[in-house]
Amino acid sequence: MSRSAERIVSLLWLLLEAGANGRAKNDIFNYLYDHQNTTTAAKQRQFSRDKEALTAIGVPVQWQQKTTADGVYLIDRDRLYLPDLALTDDEIIALHQARALWMKTPIEDAIHAALTRMTAGQPASPPFVGAQLASGQSLLTDIVATTREQAPIRFRYRTVGRDEIVNRRLRPWAVFMAHQHWYVVGWDLDRNDERIFRLSRIESKAITLLPNDALDGQRESSLRPQQFSIEAIRARLHTEQVAAEAYVWVAENVSSSLRIRADVVQHSSGWELLHFTYRDPLKVAASIAALTTNACVDPQQSAELAELVGDITAMVRDAHTGASALSVPKLLKVTRTRRRTGDRDVISRRLGIVAVVNQHGGTMPREQVCQRFNIDDATLTEDLSAMQFWGMPETDFAGGQFEIDPHAEPVEISNAELLAQPWQLSAPEALGLISGLNAVPTIPGISAAQQSAAQSLGSKLREAIDLVDPNVGSEDHIVHPDLSLGEDDEVAEVLHKGAQLHRVIRISYYSESSGGISTRAIEPLQLLYTSGHGYVHAWCQETSGHRTFRLDRIGSASITELPFDPARRRVSQNTIAPQVTKEALTVIVHATHRYRDVMNAYHPTATAIADDGSIFAQLAFQTLTPLLDLLATHAGQIVVVQPQAIRETIWEMMNGTMTTLHGSAR
C-alpha cells in the first residue's frame, strides 16, 4: 500500500499547492503517472482510482473548464475544510454515542476518523454506549448505502417456513431495528408491493446492485411514499406484552436467574415461593422448565404459566426421545474473522494525524495522538514512518516532503501545512454519524439535555455537509436504530448514568457459569448491544479485572458516591463470548432455519448449513442448565443431536419433571 498511498497523497498535495488555479491533467500525469511502465489506458485507470480514493475520504476533487481546452483539476477550499461546529460538551458525548452504533462494522474506521476530525480541538474521551452488530447483520452497511439512493438491489433470501432460497429484488426505503434485529423495508419489484426483510435471513454474501432499468414499469410506484412512517412499520412487528404476576416454587439450594428480580413470599419444606412480574411468558416459562424438578409453578396462582411450562417441558422431552433421526454433516470450524483496516481508512487516519497535529501548532504528545486515533504506539510509529515520504512528488519537488521523526516525543510534523485543519466529512461518514445521532434518544437513561444535544448536532451536521452532498444532509432519515431493551431498560438507565458520571455501581448478579448470585461493585465503562441482548463492560472491583455482565441477569443496580477514573481502564475490543473450561459439555445441536441466527449468541466452534437452511452447530456449555434453557426457549426447534448420552439425560430429566409437574401443594 505504501507506494499507492504516497502517490494519492502526492496528488492531494499537488492540487492543494495549486490552489484555485488547479492543475491540468497533463501536468498531473507528468509528475505522477508518465514514469510508470504501463499503457496509457492503465495510467488513466490509476488516475481515476486515485481521485476516487480522495473523494471517498471526503476530499472534494473536481474538474473545471478553464480557458485552456483541457480544463483543470482542483480542490475547492470552501468545500474542503470542516467548518467550526462549536460543539458543546453534551454534543461531544452525543457524537461518541453516534459513533458507537457502528462498532465492529466495515465503516467503523471511517466513522472514527470523522469523529476524530470533528473533535480535533477537544479532549478525547471513550464512548459511553456501544452497539455491536451481530454477524447476521454484516450486510448492513451495504444495504444502507443503496437505501440512501433508493437503488434497486438483488439478494438471496429464505422465507420462514419455506425450504428453497429465492432471489428477491427490492427498492429499499429504510433500514430499521425492532426487537434487537435489523430489517430493511422497501418496494418488492417482483411482488409489486411493500415488503419487509430481516437481514439475518439474507443468504447472499454480498448485495447485488441492479441496473436502473430494473425499475421499468414501477419507477414511480416504487418510490418511498411521502407519508412513509417507520413507526407504522415497527407497529406491525410489535406484539404488546402485558405485565403478569408469577408464583413459582424453587428449591432452596438452587440458584436461578428467576431469583434476581423476585421476592420470597413463603417457605415450605426446603422450597421457597418466589413472586415476580414478567412480560415475556415464553422466556420465563423456558427458564422455569430449564430447572426441571427444582422448580414448579404454583398452579393455583399462575395457571396459564403452569400450563405453558408443562407444554414446553413435554416438547423438549419428546424432541429427545431415542436417537436422533438427523444425520450430522461434516462440520466446518468457525473462524473468527478479524476486520482489516482498508487502505483508504489508513490514508484517512494518517492524513487525520497531519490535520490534527497542525491544528495543535504542529506538535502533540504521542499519548494524546494514540488516544485520539485509538491506536497503539507501534501503529503510530508505523504511520509516521510511512508519512516521511509523503507530500509533493520527490522527483520534481526535492524537499517538498513532510518532515517527521517517527520516534520523537512529542510528535512534530512540519512542511505539511497545506492541510491546515480537518477536512470535510465523506458521505459514508456523515450518513453514519447522522444515523447514529438518530439512535441517541432511544438509549435507556438518556437525559433530556443529551436528546436535545443529539438533535442540535444533527442539524449542525446537516448544514455542514449540505454543500458537499445535499442528499446525505436531508432530513429524510433512512436508518432507524432502536437501542431500547424492554424489561431491562431500568437497569440500563442506572448503568448508563453511572458510566456518564464515572460513579461505581453496586449490582446483584446471577452468574450462569457458577450458578450463584453475588453482589459486586463495578465501574461501568460501556453498554453493549449484541446478539439480541444488552451487556455492560465494566471493571469488577471484586475480581480486579474486566468483566462483561448481561443486563437481564442483573437483579438490582444502584449508583454509589464512589468515583472512578475511566482513563485507567482501557475498554476491551474483544468479542463477547462465554468462558468455558475443559470440563464443559460439548454438544451438537440442530436449529431450524427460523432460529438459525440464535446460534451466533452461543459462539459455535463448528457449523454446517443443511440444504433446507437449518444449521448444525457444535456448542460448549459450562453446565447443563444453560443448554436446557436454550432448548426450552426454542422447544422443538432447537434439539441436541449428539452425543446420545446427553439426549438421554435430557429426556430423563424432562420426563421426571412431567411426572411431578403439578405436585405443587407444598
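Suppose we keep just the alpha-carbon trace of the range 283-365; what are its Rg and Dmax in angstrom?
Taking only Cα atoms of the range 283-365, I get Rg and Dmax of 28.9, 76 Å.
Tell me, what ³J(HN,Hα) does each residue in the range 414-419 have, in order and in whole Hz, if you take phi through Karplus 6.51 cos²θ - 1.76 cosθ + 1.60 with θ = phi - 60° and put x for Gly and Pro?
So the Karplus estimates, Gly and Pro as x, are 10, 6, 10, 6, 4, 9 Hz.
In whole Hz and in residue order, list the ³J(HN,Hα) couplings for the range 259-265 that follow from phi through the Karplus curve 6.51 cos²θ - 1.76 cosθ + 1.60, θ = phi - 60°; x for Gly and Pro.
After applying 6.51 cos²θ - 1.76 cosθ + 1.60, I find 6, 5, 10, 10, 10, 8, 10 Hz.
For the chain, what proportion of DSSP beta bridges, expressed in % and rounded to the nearest 5, is antiparallel?
Around 95 percent antiparallel, to the nearest 5.
How long are the three semi-axes of the equivalent ellipsoid of the chain, in whole Å, if each is the root of 5 times an eigenvalue of the C-alpha gyration tensor, listed from largest down?
Numbers: eigenvalues 536, 169, 108 Å².
Square roots of five times the eigenvalues give 52, 29, 23 Å.
What percent does the relative contact order of the range 280-321 come to when contacts are Cα pairs within less than 8 Å and at least six residues apart?
Once normalised by length, the contact order is 39 percent.
Modelling each spin label as a point 7 Å along the Cα-to-Cβ direction, I'd like the residue 167/residue 487 distance in nm, to one decimal.
4.5 nm
Heavy-atom accessible area of residue 560 with all protein chains present, probe 1.4 Å, nearest 10 Å²?
It works out to around 30 Å².
Just to verify a number: what accessible area does residue 50 come out at with the full protein assembly present, 1.4 Å probe, Å² rounded to tens?
Spelled out: residue 50, probe radius 1.4 Å, area about 0 Å².
Can you give me the % of accessible surface on the chain that is carbon or sulfur? Probe 1.4 Å, all protein chains present, nothing else counted.
That share works out to 47 percent.
What does the extension gain come out to for residue 463 and residue 417, with contour length at 0.36 nm per residue minus their alpha carbon separation? Please list the in-between numbers first.
Values: separation 46, 0.36 × 46 = 16.56 nm, distance 2.68 nm.
Additional length available on full extension: 13.9 nm.
Work out the length of the dipole vector of the chain about its Cα centre, built from +1 on the beta-carbon of each Lys and Arg and -1 on the beta-carbon of each Asp and Glu, and round it to the nearest 20 debye.
Details: 64 positive and 78 negative charges, 257 e Å.
For this selection, approximately 1240 debye.
Using 1/(1 + (r/R0)^6) with R0 = 22 angstrom and r between the beta carbons of residue 42 and residue 389, what's the FRET efficiency to the nearest 0.05?
On the way: r = 23 Å, r/R0 = 1.05.
So the FRET efficiency works out to roughly 0.45.
Rounded to whole Hz and in sequence order, give me ³J(HN,Hα) for the range 624-639 from the Karplus expression 6.51 cos²θ - 1.76 cosθ + 1.60, θ = phi - 60°, writing x for Gly and Pro.
So the J values, rounded to whole Hz, are 6, 4, x, 5, 4, 5, 4, 5, 6, 5, 10, 4, x, 9, 10, 9.
Taking the Cα of residue 265, stepping 7 Å toward and past its beta carbon, and measuring to each backbone N in the range 236-251: which are under 13 Å?
Only 244-249 fall inside the zone, counting backbone N under 13 Å.
Can you give me the long-range amide H partners of residue 271? Hydrogens built in the peptide plane at 1.01 Å from N, cutoff under 5 Å, separation of 5 or more residues or another chain.
Counting only residues 5 or more places away or on other chains, the set is 252.
Students often check this: by mean Cβ neighbours within 10 Å, which of 497-510, 595-608, 219-232, 364-377 ranks highest, and how do the rest follow?
Descending mean neighbour count gives 497-510, 595-608, 364-377, 219-232.
What are the residues whose amide H is under 5 Å from the amide H of residue 169, where those residues sit 5 or more places off or on another chain and H is modelled from the backbone?
189, 190
Take the alpha carbon atoms of the range 157-223, find their center, do the same for the range 411-467, and report the distance between the two centers in whole angstrom.
30 Å
Using alpha-carbon positions, what is the distance between the centroids of the range 15-84 and the range 599-666, in Å?
About 61 Å separates the Cα centre of the range 15-84 from the one of the range 599-666.
Find the centroid of the Cα atoms in the range 346-393 and in the range 537-563, then give the distance between the two in whole Å.
36 Å
For the full complex of protein chains and a 1.4 angstrom probe, list 543, 381 by accessible area with the highest value first. Could you put the intermediate results ahead of the total?
Working: 543 60, 381 25 Å².
The most accessible residue leads, giving 543, 381.
So for the range 179-274, what are the equivalent ellipsoid semi-axes in whole Å, largest first, each being the square root of 5 times an eigenvalue of the Cα gyration tensor?
52, 17, 8
What does the highest-first list of 276-283, 418-425, 36-43 look like by mean Cβ count within 10 Å? Let's see the in-between values first.
On the way: 276-283: 15.2, 418-425: 21.2, 36-43: 10.4.
Going from most to least packed, we get 418-425, 276-283, 36-43.
Tell me, what is the percent relative contact order of the range 268-418, built from C-alpha pairs under 8 Å that lie six or more residues apart? Walk me through the intermediate numbers first.
Values: 111 pairs, mean separation 22.7, N = 151.
15 percent.
Amide H to amide H, which residues 5 or more places from residue 555 or on other chains are under 5 Å from it, using H placed in the peptide plane?
508, 509, 510
If contacts are Cα pairs under 8 angstrom and at least 6 residues apart, what is the relative contact order of the chain in percent?
Once normalised by length, the contact order is 17 percent.
Taking only the Cα atoms of the range 45-96, how large is their convex hull per residue, in Å³? If you can, show how the numbers build up before the last one.
Values: hull volume 4.1 nm³, N = 52.
Once divided by residue count, the hull of the range 45-96 is 79 Å³.
Which three extents, in whole angstrom, do the alpha-carbon atoms of the range 15-78 cover along their principal axes, largest first?
36, 29, 18
Calculate the spin-label point distance for residue 279 paired with residue 195, positioning each point 7 Å from the Cα along the beta-carbon direction, and give it in nanometres.
Computed distance between label sites residue 195 and residue 279 equals 3.2 nm.
Be a star and scan the range 283-307 for residues whose amide nitrogen sits under 16 Å from the point 7 Å along the Cα-to-Cβ vector of residue 242.
302-305
Arranged from highest to lowest average of other beta-carbon atoms within 10 Å per residue, in what order do the peptides 153-159, 522-528 appear?
So the peptides 153-159, 522-528, ranked by packing, come out 522-528, 153-159.
With the cut-off at 20 Å, report for the range 378-515 the share of all Cα pairs above it, as a whole percent.
68 percent
Return one whole number: the accessible area per residue of the chain in Å², for a 1.4 Å probe.
Numbers: 30280 Å² over 666 residues.
I get 45 Å² per residue for this part.
The values are calculated or read from the model by the stated rules, or taken from the named source; none is laboratory data. Predicted, not measured: the structure shown is a model, and the values here were computed from it. Neighbour counts run over all protein chains shown; Cβ positions are idealised from the backbone, glycine included. Ligands, DNA and RNA are stripped out before the accessible areas are found, and what is left, the full protein with its side chains, is counted by its heavy atoms. Shrake-Rupley method; radii C 1.70, N 1.55, O 1.52, S 1.80 Å.
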